[in-house]
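Encoded as structure tokens, the structure appears first; notes follow it.
The values are calculated or read from the model by the stated rules, or taken from the named source; none is laboratory data. None of these values were measured; they are calculated from a predicted model. With ideal geometry, Cβ positions are generated from the backbone for all residues, glycine too; neighbour counts draw on all protein chains shown. Keep in mind that these areas ignore ligands, DNA and RNA; they rest on the heavy atoms of the full protein, side chains included. Shrake-Rupley method; radii C 1.70, N 1.55, O 1.52, S 1.80 Å.
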Amino acid sequence: MAYDTDNVFGKILRGELPAHRVYEDDATLAFMDLMPQAPGHTLVIPKSAAEDLFDVEPQVLARSIETTQKIARAVKLAFRADGIMIAQLSGAAAGQTVFHLHFHVLPRHQGADFKLHANDAAPAELLEEHAQRIRAALE
């Protein structure tokens, strides 16, 4: 499959769709997942066009992982998580639904139920409040 520049993350990168942005640098963007699996569920994407793990340049992947690590620390602190789960799905068979490389950063709490994908969008106010907490933890 060829990279589709009109995917939802491409549109977010171009400012065509809104997102609750948490962090941005020259190579990556982190923002709140619209349908969070847990409070604080954050996505990290490269700014480069890459469909999945197999379609990304190694240096872009390295920068994406650096940002993922930074965001994971902030999410863990902001949500007082017992642990952090990092997920990256490559290909439809793996559950990938947006074909732009992305990493899920999910705070995990002991004993909490977990689902791989959520079905409902969270309220914008809640996502913004979560984004503010993570931005504060980055400082």
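Would you be able to say whether some residue in the stretch 70-81 is at negative phi, open to solvent by 50 Å² or more (accessible area, probe 1.4 Å) and either assigned to a loop (DSSP other than H, G, I, E, B) or of a type in the set (S, T, N, Q) (or both)?
no
When you go through (1) more than 21 Å from residue 130 (Cα to Cα); (2) out of contact with any Phe, Trp or Tyr (no Cβ under 9 Å at 6 or more places or on another chain) one by one for residue 49, which number turns out not to apply?
Evaluating residue 49 over (1) more than 21 Å from residue 130 (Cα to Cα); (2) out of contact with any Phe, Trp or Tyr (no Cβ under 9 Å at 6 or more places or on another chain) leaves (2) as the failure.
From 9, 79, which residue is in contact with a strand residue (DSSP E or B) (Cβ under 6 Å, 6 or more places away or on another chain), closer than 16 Å to residue 133 by Cα, of a type in the set (Phe, Trp, Tyr) and at pLDDT 95 or above?
Result: 79 is the single residue among 9, 79 that is in contact with a strand residue (DSSP E or B) (Cβ under 6 Å, 6 or more places away or on another chain), closer than 16 Å to residue 133 by Cα, of a type in the set (Phe, Trp, Tyr) and at pLDDT 95 or above.
Taking residue 101, is it outside any helix (DSSP H, G or I) and closer than 17 Å to residue 3 by Cα?
yes
Exactly one of these conditions fails for residue 63: (1) over 17 Å from residue 138 (Cβ atoms); (2) open to solvent by 70 Å² or more (accessible area, probe 1.4 Å); (3) outside any loop (DSSP other than H, G, I, E, B). Give me its number.
(1)
I need the full set of residues from the stretch 36-50 which are part of a loop (DSSP other than H, G, I, E, B) and free of Cβ contacts under 8 Å to residues at least 60 places away in the same chain, in order please.
Within the stretch 36-50, 47, 48, 49, 50 meet the criteria.
Are any residues in the stretch 17-26 more than 14 Å from the chain's Cα centre (by Cα) and touching a residue at least 12 places away in the same chain (Cβ under 8 Å), and if so, which ones?
Scanning the stretch 17-26 gives 25, 26.
Every residue, every condition in (1) in contact with a Ser or Thr (Cβ under 7 Å, 6 or more places away or on another chain); (2) without any contact (Cβ under 8 Å) to a residue 40 or more places away in the chain; (3) of a type in the set (A, V, I, L, M), yes or no:
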{"site": "15", "(1), (2), (3)": "no, yes, no"}
{"site": "34", "(1), (2), (3)": "no, no, yes"}
{"site": "52", "(1), (2), (3)": "yes, no, no"}
{"site": "68", "(1), (2), (3)": "no, yes, no"}
{"site": "71", "(1), (2), (3)": "yes, no, yes"}
{"site": "80", "(1), (2), (3)": "no, yes, no"}
{"site": "92", "(1), (2), (3)": "no, yes, yes"}
{"site": "99", "(1), (2), (3)": "no, no, no"}
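Restrict the check to the stretch 4-17 and report whether at least one residue is loosely packed, with under 15 Cβ neighbours inside 10 Å and part of a strand (DSSP E or B).
no
Restricting attention to the stretch 82-139, report how many residues are of a type in the set (S, T, N, Q) and open to solvent by 80 Å² or more (accessible area, probe 1.4 Å).
The number of residues fulfilling the criteria is 4.
Within the stretch 21-35, can you find the residues that are part of a loop (DSSP other than H, G, I, E, B) and surrounded by fewer than 21 Cβ atoms within 10 Å (Cβ to Cβ)?
Correct list: 25, 26, 27, 34, 35.
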